[in-house]
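Inspection log for the structure reproduced underneath, given as structure tokens.
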Amino acid sequence: MTAPAVPQGEFIGVMGSGSHRFTHFIAAGGEGQVFGLSSRDASGDPMAGKIYGTALTREKAKKLQFMIRQATPDLRAVAAWPVDILASPRKELIGFTMPLVAGAVPLHLLLTPKTRLAVMPALSYIQMVQIAENLARAVASLHEAGVVIGDINGQNFLVRNNGTVLVIDCDSMQVGNRADWASGVGVEDYIAPELQGKTLTGLVRSSHHDTFALAVLLFELLVIGRHPFGGHPQLMIGDAIRQHAHILSNNPPKPSIFDITGLGPADLLSPTLIKNFQVAFGSSSRPSANEWARALMEHRRMLAPCSANTNHAIPFGARFCPWCAMEAKKLPKLFAHSPNPATRTQTAATQAAASPVAPDRSLLETCLSVSFRIVWLLLRVALKVLLLPLPALRSLALKVLKTIADYVSEVIASVVEMMIDAVRQMIAAISNVIKVTLSVIWDLACLLIVASLKVGVPLAILLVFIEVFGK
């Protein structure tokens, strides 16, 4: 395809940005074409300009003026937000200026392993989760500013080398609650069930509709590009969305990615993420973008790099690497091979440069912190359970708490086994000690509480002691 000719002449920014000249073609879309500009913004960063196929309507110009006046540093940090309206040498309003985003990759190229390995071959799974988290945060920033993206799909987000995400095509977004400023476009594969089959032109949407599309994109990012509603032999994706027939439902596509790989959702995703996806795909009460960001951050912090390939990652509580398991089934290459750091010959600086989006604290630190918090929480709950009026109810509650304590001890043991596979015999011993220790602590705590009640020590003193020292 031949690139369009670069517009010639001097174009004027009607809201005060001065004169501009186009330098080179960048991209074309349904509404117009994007070119580089010779001018720079107030910060010295390069600019781009979008020229529409026809002159701006009066309402389109008003919408752009509104967006330019409503711009904030937070919006500019996550979106290629309009800067000024462009007038042609003949004084026709024909487009707008915006920041030029150089060296970034369209998000849709990261969804499937083949294209991801072509454009960002060194990307690890932990970094993929970080990108998903950054995507959710970018959408959350727009929602907090009262903006509805509307046309959420992988082509409208760019990913920089450091993993940050920028939203583009901002002029098609919905600002305000006016029907003539609504986003009239969308891709069927990302449109919420309640909007499937409806005319989007003039339809005022909400952030609630955005979060459905966000959930689909996040699932594709985390589960090697598989659409959660795709793969039904007799249903198009739009029909599957209408029927809530997603991969985690009672009517999943057959065979699904989990059938093909022999894995389950819990082998790749945290319990919180699984629940969020089920709610987002199967009900009208969807997690917000901020809730997605928090769930993804927790998931990322609990991932551990695989000892065989550090571009792989092992979820919290898993006993094997799901990516190694998939590659053992002769599936297409999922990640580039990156050996354990102990066997690398690279310098530390080279490794850091190759991994710009590393997790912000170690798995061990997180596991220990979570474990101690859970233990103290169980002790506090046990004390409060003893305040229940009925002996039978107290006994039942204590049994439930004891079961939870046993489960926690087993989870901690699994994590320890996963992290130090080079000394498995030692870990097995440590695991048993942890199980016994937690069980003994629990039993002693319960005995101490019951004994103290029998001898008349005020329960309030024990509660205060646990609350104060437990923190």
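Of note:
- Scoring ALA140 on the criteria (1) farther than 27 Å from TYR52 by Cα; (2) more than 15 Å from the chain's Cα centre (by Cα) leaves a single failure, condition (2).
- Residue within region 244-257 that is free of Cβ contacts under 8 Å to residues at least 60 places away in the same chain and part of a helix (DSSP H, G or I) present: yes
- Test for ASP210: is it free of Cβ contacts under 8 Å to residues at least 24 places away in the same chain and part of a helix (DSSP H, G or I): no
- Residue in region 16-29 that is within 35 Å of the chain's Cα centre (by Cα) and outside any strand (DSSP E or B) present: yes
- Residue check for ALA240: modelled with pLDDT of 90 or more, farther than 17 Å from MET128 by Cα and crowded, with 17+ Cβ neighbours inside 10 Å: yes
- Test: ASP259 is surrounded by fewer than 16 Cβ atoms within 10 Å (Cβ to Cβ) and either modelled with pLDDT under 90 or in contact with a strand residue (DSSP E or B) (Cβ under 7 Å, 6 or more places away or on another chain) (or both): yes
- Evaluating GLN234 against the criteria (1) among the polar types (S, T, N, Q); (2) out of contact with any Ser or Thr (no Cβ under 9 Å at 6 or more places or on another chain); (3) buried (at least 19 other Cβ atoms within 10 Å of the Cβ) leaves one unmet condition, (3).
- Total residues in region 258-280, condition in contact (Cβ under 8 Å) with a residue 40 or more places away in the chain and more than 15 Å from VAL223 (Cα to Cα): 1
- For region 192-225, a tally of residues being on the phi > 0 side of the Ramachandran plot and either among the hydrophobic types (A, V, I, L, M, F, W, C) or not assigned by TED's automatic domain parsing to the domain that holds GLY176 (or both) returns 1.
- Condition met for ALA71 (touching a Phe, Trp or Tyr at 6+ places or on another chain (Cβ under 7 Å) and surrounded by fewer than 20 Cβ atoms within 10 Å (Cβ to Cβ)): yes
- Test: residue in region 213-227 that is surrounded by 16 or more Cβ atoms within 10 Å (Cβ to Cβ), over 22 Å from SER284 (Cβ atoms) and free of Cβ contacts under 8 Å to residues at least 60 places away in the same chain: yes
The values are calculated or read from the model by the stated rules, or taken from the named source; none is laboratory data. In this text, all values refer to a predicted model and were calculated from it rather than measured experimentally. We place every Cβ from the backbone using ideal geometry, glycine too, and count neighbours over all the protein chains shown.
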